[in-house]
1. Per-residue HN-Hα couplings for the range 29-45, Karplus 6.51 cos²θ - 1.76 cosθ + 1.60 at θ = phi - 60°, whole Hz, x for Gly and Pro?
2. For the chain, what is the relative contact order in percent, using Cα pairs closer than 8 Å and at least 6 residues apart in sequence?
3. How large, in percent, is the carbon and sulfur part of the accessible surface of the chain at a probe radius of 1.4 Å?
4. Accessible area per residue for the range 78-189 in Å², computed with a 1.4 Å probe and the full protein assembly in place, what is it?
5. For 58, 63, 157, give me the order by solvent-accessible area with a 1.4 Å probe, most accessible first, ignoring ligands, DNA and RNA.
6. Which of the three applies to the range 74-189, rounded, prolate or oblate, going by the alpha-carbon gyration tensor with a ≥ b ≥ c and a/c under 1.5 meaning rounded?
7. Separation between the residue 130 and residue 184 pseudo-spin-labels, each 7 Å from Cα along Cα→Cβ, expressed in nm?
8. Would you rank 117, 33 by solvent-accessible area, highest first, keeping every protein chain in place and using a 1.4 Å probe?
Amino acid sequence: MLKPTEIYGEAVFIGGSASDVSSRSAEQALLTFAGVEGDRHCGLTRSACVRFKHQYPKGAPMKNTRQLSIVSEEEMAEVGAAMGLGEPVRPEWIGANLMLRGVPDLTLLPPGARLIFPSGASVTVDLENAPCALAARSIEAARPGLGMSFPKHARGKRGVVGWVEAEGAVALGERCRLHLPPQRIYRAA
């Protein structure tokens, strides 16, 4: 494991209902083994969706490794500029739970990377969070005529999803440590 890097948590958000992709700002959030308490993605399990069409039938129960959505301030600024918004993409428009500062290429974090917070809460990165039409429609509602370009401009910059490995609270503006696992390239036969 590489030496941990200290980064800053810029914002905390809690997602709303299943029909609304957006999230709302909060001073802090409690992370439980099920995810962000009160968030629409909270749960130990979830139903398989289109992302897993090659592994499981749609609706099949599976472990929830998409409990949190994490974005970086730097990438949201890049995406907003590319979209012509005149401002960064706001994390609440796309349902993010945490926005961090100090990880410019956050979307490139490898699976198994861990974010450790002062409370002892720990989030393990699962995968890149691919940009989707739901987030684009949410941005479109806030910035008509510009939001639908989100999937194109956010490719490789949408952030990551993860799951809670250790419980605790996360608060607005607190620092966390990034632990990166050893990285190797797997070559398929």
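1. Going residue by residue, I get 9, 8, 9, 10, 4, 8, x, 7, 4, x, 8, 5, 9, 5, x, 6, 10 Hz, with x marking Gly and Pro.
2. Rounded, it is 31 percent for the chain.
3. 56
4. 47
5. These residues rank, largest area first, as 58, 63, 157.
6. Oblate shape, in that a/c is at least 1.5 and b/c is the bigger or equal ratio.
7. Between residue 130 and residue 184, the simple spin-label model gives 2.8 nm.
8. I get 33, 117, largest accessible area first.
The values are calculated or read from the model by the stated rules, or taken from the named source; none is laboratory data. Nothing here was measured: the structure is a model prediction, and the numbers come from that model. Every residue, glycine as well, gets a Cβ built from its backbone with ideal geometry; the counts of neighbours run over all protein chains shown. Accessible surface is based on the protein model in full, side chains and every heavy atom, while ligands, DNA and RNA are left aside. Shrake-Rupley method; radii C 1.70, N 1.55, O 1.52, S 1.80 Å.
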